[in-house]
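The values are calculated or read from the model by the stated rules, or taken from the named source; none is laboratory data. This structure is a prediction, so every number in the text was calculated from the model and none was measured. We place every Cβ from the backbone using ideal geometry, glycine too, and count neighbours over all the protein chains shown. What goes into the accessible areas is simple: the full protein's heavy atoms, side chains included, and nothing from ligands, DNA or RNA. Shrake-Rupley method; radii C 1.70, N 1.55, O 1.52, S 1.80 Å.
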Amino acid sequence: MAVLPLFLNVLAEQQAALERPVDAPPAPLPVPNPTKSYWIDTAGANPLAKEGSDGQLTADADIAIIGSGISGVSTAFHIARLLAEEGSTERPLEVVILEARDFCSGATGRNGGHLTANFFNEFTVYSALFGVEDAKRAIALEQRTVSEIIKLVEAADKDAELDLVSGGRVHLLFTEPEVVEAKADYEAAKAADLDLSEVEFLTEEQIEQEYGASYPAVRTPGHNIWPLKLVTHLYKLAKETGANSSTMSLHLHTNTPVTAISSTSSGSSRRWNLTTPRGPVSASYVLHATNAYASHLLPQMRGPSGIVPTRGQIIATRAAAPETVLTKAAFTGNEGFEYWFPRPLESGQTRPLVILGGGRESTKPDFELYVADDSRVNPKVGETLRKFLPAVFPGRYEEGAEPEMEWVGPVIDPANPDAYKGQYISAGFTGHGMPRTFSWSVIHGLSLEAPAMLTPPHSAEAVAQMIVADLQGKEWSIPEWLPHHHLTKNRINE
Ligand SMILES: Cc1cc2nc3c(=O)[nH]c(=O)nc-3n(C[C@H](O)[C@H](O)[C@H](O)COP(=O)(O)OP(=O)(O)OC[C@H]3O[C@@H](n4cnc5c(N)ncnc54)[C@H](O)[C@@H]3O)c2cc1C
Ligand SMILES: *[C@@H]1O[C@H](CO)[C@@H](O)[C@H](O)[C@H]1NC(C)=O
Ligand SMILES: *[C@@H]1O[C@H](CO)[C@@H](O)[C@H](O)[C@H]1NC(C)=O
């Protein structure tokens, strides 16, 4: 194993930084001038960017969803699907999505694009915290979520359009402690009867031969996708499903930040009054799908026991080797701090553009925690990212090459509960093997763990069920697939 130009084995140090008491102010609103992301700022990629940003505002709704990332849009999608299946609303339900900036311009539009379930990572920690059964459910849930997303994309024949690639996931183990931990987690998962038939441990020599990096690794099935295009597809499905079944009418207003929420004045049939610069919106149910910015509207969620905004940084860099040599595999390494994969080739290209995220550990002990500003990149993180691939894959990346694009996005961390009737939150978790505390929170809802992009969709499904059940005056009961520790109610009682 060659020595790498970065901090290794610092996950525990990050965890300590996360738990440090800090008198953090509530998160700001999203800044108006974010860095340009490959996913968002490629021409034609965001047809809904300015949707509903002018004209008349939807001032009255049954359900108001704040945030148009994968959480908010998946919830709309699941509500539409539930209502269409039941087919029994007296009138179409009015659902509005309010987005502070352009459509899907938060973490979902700026992330690493990996869509991969865990098979056994962290199994020991999960089991110790929540018991073996719930640890198993958590793994099963990730696999269910990934397979549902893939089914949905394939059913619509959209794999190519959404750049869904199933090239496997190779998790490089740079240090001996990482090898020891991976083996312990694997053994624990095996003892708990998890299906590990698709997991392979590969030696340094095998990895060298297949991928050109001399580290041992774990290989599992894995995928990557163009996240904004997936969410755009989900939005269209939600809108059409609601319209075709006449059960839901979906509205989207971008560039419409919610700046405050108060109770409606007496006499109103709605519970909540949302303030926006374009006028008030009243709603019976409110879903906070605001991720890193949650504590702006819910200040009790600031600080280490709430949601900690954390800035993640990505570069898009051209490889020096062709696709045939690089393969289509997606990689993670360094306890998940770094993650990368080659984009599918576009016509005329011979060397893939590689999307690489990570480098936060180079800012330790800060780790970019409590940074929600995605308008500027961190040069120190950028330096680590630029050195990373040439060091891990000698000869396959040009040393000193400048990336074609570099951007940041706000991810989040754990949270703490409270209860507001009719307000729900669906907040994801950073993913990538980050922290090991599991105190996700939610307000009468849920939030789930890594990998985060997976998180929101299944969190969204459960939140959608809760809202629809409450609307119809029915009891909601926990679905078999949902790990019990993901439910805030259970967490409050812990
Ligand atoms: C750099 C980076 C790399 C990542 N890599 C991966 C990866 O490879 N795989 C993976 O699975 N996950 C990854 N993640 C995590 C994943 O992107 C997130 O967990 C997921 O996108 C969160 O979705 P969301 O809908 O909850 O949040 P977001 O996509 O952040 O959406 C929240 C939205 O709410 C809006 N908003 C906030 N406040 C308000 C308000 N007051 N009024 C109106 N709108 C508001 C924001 O503008 C934003 O659009 C990464 C994240 C980042 C930042
Ligand atoms: C809605 O109906 C239209 C017209 O029949 C159809 O083309 C479309 O596929 C339907 N969409 C969904 C999501 O069912
Ligand atoms: C919502 O708040 C605005 C601004 O304070 C107010 O004008 C409006 O009447 C309120 N609407 C309801 C339904 O309470």
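Tabulated data for the structure shown
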read-out	value
Residues located in the stretch 287-305, provided they are within 14 Å of the chain's Cα centre (by Cα) and small (Gly, Ala, Ser)	289, 292
In the stretch 400-416, the residues that are at pLDDT below 95 and either surrounded by 22 or more Cβ atoms within 10 Å (Cβ to Cβ) or in a strand (DSSP E or B) (or both)	408, 409, 410, 411, 412, 413, 414, 415
Test result for residue 178, part of a helix (DSSP H, G or I), touching a strand residue (DSSP E or B) at 6+ places or on another chain (Cβ under 9 Å), open to solvent by less than 50 Å² (accessible area, probe 1.4 Å) and among the charged types (D, E, K, R)	yes
Residues within the stretch 60-83 that are hydroxyl-bearing (Ser, Thr, Tyr) and within 16 Å of ligand 3 (Cβ to nearest atom), tallied	0
Single condition residue 135 does not satisfy, out of (1) more than 16 Å from ligand 1 (Cβ to nearest atom); (2) at pLDDT 95 or above	(2)
Where a residue in the stretch 385-399 is without any contact (Cβ under 8 Å) to a residue 60 or more places away in the chain and outside any loop (DSSP other than H, G, I, E, B) and its partner, wherever it lies, is open to solvent by less than 50 Å² (accessible area, probe 1.4 Å) and of a type outside the set (A, V, I, L, M), with Cβ under 9 Å and at least six apart	390/396; 390/397
Residue, nearest to residue 255 (Cα to Cα), within the stretch 286-311, restricted to residues that are open to solvent by less than 10 Å² (accessible area, probe 1.4 Å) and not hydrophobic (A, V, I, L, M, F, W, C)	288
Subset tally (residues that are under 28 Å from residue 378 (Cα atoms), among the small types (Gly, Ala, Ser) and in contact (Cβ under 8 Å) with a residue 12 or more places away in the chain) for the stretch 31-66	3
Residue 21 vs. criteria in a loop (DSSP other than H, G, I, E, B), open to solvent by 80 Å² or more (accessible area, probe 1.4 Å) and over 23 Å from residue 383 (Cα atoms)	yes
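This table checks each residue for (1) out of contact with any Asp or Glu (no Cβ under 8 Å at 6 or more places or on another chain); (2) assigned to a helix (DSSP H, G or I); (3) open to solvent by 10 Å² or more (accessible area, probe 1.4 Å); (4) within 16 Å of ligand 3 (Cβ to nearest atom).
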site: 236; (1), (2), (3), (4): yes, yes, yes, no
site: 239; (1), (2), (3), (4): yes, yes, yes, no
site: 242; (1), (2), (3), (4): yes, yes, no, no
site: 246; (1), (2), (3), (4): yes, no, yes, no
site: 256; (1), (2), (3), (4): no, no, no, yes
site: 267; (1), (2), (3), (4): yes, no, yes, yes
site: 277; (1), (2), (3), (4): yes, no, yes, yes
site: 283; (1), (2), (3), (4): no, no, no, yes
